[in-house]
Amino acid sequence: MSKSESQSHIEQILKAVTSAPQSLLLLDYDGTLAPFHEQRDQALPYPGVVPILQKIIRSGYTRVVIVSGRDTTETIPLLGLQPTPEVWGLHGLQRWRPGEGLDTVRLDEDSLDALSDADRWLAYQELRHQAEFKTGSIALHWRGLSDWGMEDLRGRALLGWKPIAERTGLELLEFDGGVEIRTPEADKGDVVRIVLDEMSPDTPAAYLGDDATDERAFRALQGRGLSVLVRPRWRRTAAQVWLKPPEELLDFLTRWLDACRERAGLGDQPVAVRK
């Protein structure tokens, strides 16, 4: 993607935000709004992100939706946004909405049994201390290890997890800093499709993400909005635009806020989200 092409895509979406009664901004958390941290509970947003997002939300012209692989109980406190926007967790297995609480997809017994097998393999390999256990998935993290250490953990995990996934239908998903075995009930692409269906078909929309887990969201948005890869180094992606955090991310969010303010200057009231 060339710089000029990227700028053209950005200008186009911002122009649409300025003229539309409502817009949609979907945002991944780790690696996108916040830098990665070896201590996951310390992965706070980049300085400046929260104030801008708060102003975008309070403008009333943009529906802000956070789409994370984390549990929502982790994401919401780390965000520190007031008011708290809609937050999807566990790649779409959870949905938290202001005033409505948390909905969680119910998992079938076969998936739960398969995840128990994956857990037993980690125990056998003495790797449980490197793992994160979530509803519907287990993630093995190796961020901060040497290249040799990462390859060792990856190889040992996949030795047992790959046959389990092939036998049971669970998914193996490698991400920046680890690998996850998870149920296929929901993914970030499903989230994008659900949220888009709740909006008017001509609503300007953008999704910002950094990881392989966001690629399904990028593809789900094709033809409906702007997909943005946010990471320090470029990689092959379905996204239309690449932004380096934090400076280019902050610039994009600031320009989105400016578009909302310009829209407010037209005097029309924000429209309610169609549910």
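The values are calculated or read from the model by the stated rules, or taken from the named source; none is laboratory data. Since this is a predicted model, take the numbers as computed values, not measurements. Positions of Cβ are generated from backbone atoms using ideal geometry, with glycine treated the same way; all protein chains shown enter the neighbour counts. Protein only, heavy atoms only, side chains kept; ligands, DNA and RNA dropped before computing areas. Shrake-Rupley method; radii C 1.70, N 1.55, O 1.52, S 1.80 Å.
Looking at the structure I just gave you, is Val179 buried (at least 22 other Cβ atoms within 10 Å of the Cβ) and either in contact with a helix residue (DSSP H, G or I) (Cβ under 9 Å, 6 or more places away or on another chain) or at negative phi (or both)? No: the conditions fail for Val179.
The C-beta contact set for the stretch 25-42 (first residue farther than 18 Å from Gly89 by Cα, second residue open to solvent by 10 Å² or more (accessible area, probe 1.4 Å), distance under 6 angstrom, 6+ apart or interchain) comprises Glu38/Arg143; Glu38/Gly144. Please enumerate the residues belonging to the stretch 97-152 that are assigned to a loop (DSSP other than H, G, I, E, B), of a type in the set (Gly, Ala, Ser) and under 14 Å from Thr183 (Cα atoms). Of everything in the stretch 97-152, just one residue is assigned to a loop (DSSP other than H, G, I, E, B), of a type in the set (Gly, Ala, Ser) and under 14 Å from Thr183 (Cα atoms), namely Gly136.
Note on the stretch 80-112: residues that are free of Cβ contacts under 8 Å to residues at least 40 places away in the same chain and of a type in the set (A, V, I, L, M, F, W, C) total 5.
Within the stretch 1-31, restricting attention to residues that are surrounded by fewer than 18 Cβ atoms within 10 Å (Cβ to Cβ) and of a type in the set (D, E, K, R), which residue is modelled with the lowest pLDDT? The selected residue is Lys3. Would you please name the residue that is nearest to His91 (Cα to Cα), looking only at residues in the stretch 134-175 that are surrounded by 15 or more Cβ atoms within 10 Å (Cβ to Cβ) and among the aromatic types (Phe, Trp, Tyr)? By that ranking, first place goes to Phe175.
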